[in-house]
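Heads up, the thing below is written out as C-alpha cells.
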Amino acid sequence: MMKRTLLPLLGLFLMCLTTYQTSAQDSTMVDPSLKGQYQLMLSKSRTLDGYKLINPYRLTSFYKSVTDTIRKERQGHIGAQTKIKEQAATIAGLNNEIKGKEASLATSNARLDQISFLGIPFDKGTYNTIVWVLIILLAIALAIVTIRSAKSIQEAKYRSGLYEEIAQEYQTYKVKSNEKEKKLARELQDERNKLEELRTRGN
C-alpha cells in the first residue's frame, strides 16, 4: 500500500523537477525572441514515429510569448494610429494656418503693390508709367516754352533795336528838318527885308 502511494508521488516529484530544470535551462537561452524560442523548442523536442514530441511547458511558454508579442504589437499599432491621427490633425491645422497666412500675405502684397491717387487705386507699375509719362510731357512742354520764349526775347530785342535805330534816324531827320526850316525862314525873312527896302526906295 505504501509503495503504491509513493510511486505516483515520486513520479509527480520527478515531473516537477524536470519542468523546473527545463524552465531554468530555457531562462538561460541566448535568443529570447520568438524565432529563438521556436528553434529552442524544436531543438529540445524529441521525434517519435516522425512526430515531434514537445514539452507542454515550452509550448505554453512559446504561446504566451506569442500572445504577449501580439498584444504589444496591437498596443503599439493603436498608439501609432492615435499618434498618426494626432499628427494628421496637427498637420491639417498647420496647413489651414499656412493658408490663412498666405492669404493675408497676398492681401498685404496686393495693398503694397497698389497706390491710391485721387481715390483711384493704381498698380505700382501703371502708376510709375503714368508719372514718368507726365514728367516727360512736362519736360517737353517746358523745353518748347523755353525755346519759344528765347525766340520771342530775341525777336523783341531785334525789334527794339530797329525801333531805336528808326527813332534815332527820325530824331536826326527832325533836327535836320528843323535846321532847314530855320534856314528857309531866315532866307525868306531876308527876301522880305530886301523887298521892303526896294519898296521904300521906290517911294
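The values are calculated or read from the model by the stated rules, or taken from the named source; none is laboratory data. Everything quoted here is computed from the prediction, not taken from an experiment. Positions of Cβ are generated from backbone atoms using ideal geometry, with glycine treated the same way; all protein chains shown enter the neighbour counts. Side chains included, ligands, DNA and RNA excluded: accessible areas come from the protein's heavy atoms. Shrake-Rupley method; radii C 1.70, N 1.55, O 1.52, S 1.80 Å.
Listing for the model above:
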quantity: Rg(Cα) / (2.2 N^0.38 Å) computed for the range 29-114, rounded to two decimals; calculated: 2.38
quantity: Computed label-point distance, nm, for sites Val145 and Asn193 using a 7 Å Cα→Cβ extension; calculated: 7.0 nm
quantity: Accessible surface of the range 82-203 [probe 1.4 Å, protein heavy atoms]: carbon and sulfur percent; calculated: 60 percent
quantity: Burial order of peptide ranges 38-45, 150-157 (average beta-carbon count within 10 Å, highest first); calculated: 38-45, 150-157
quantity: Solvent exposure of the range 34-141 as accessible area per residue, Å², 1.4 Å probe; calculated: 83 Å²
quantity: Karplus (6.51, -1.76, 1.60) ³J(HN,Hα), θ = phi - 60°, over the range 97-108, in Hz, Gly and Pro reported as x; calculated: 5, 5, 4, x, 5, 5, 5, 5, 5, 5, 5, 5
quantity: Dimensionless Rg/Rh of the range 122-203 - Kirkwood Rh, Rg from C-alpha atoms; calculated: 1.77
quantity: Radius of gyration and maximum dimension Dmax of the range 67-181, Cα, Å; calculated: 43.8, 154
quantity: 5 Å-binned pair-distance histogram of the range 65-108 (Cα, whole percent); calculated: 6, 19, 14, 12, 10, 10, 7, 8, 5, 5, 3, 2, 0
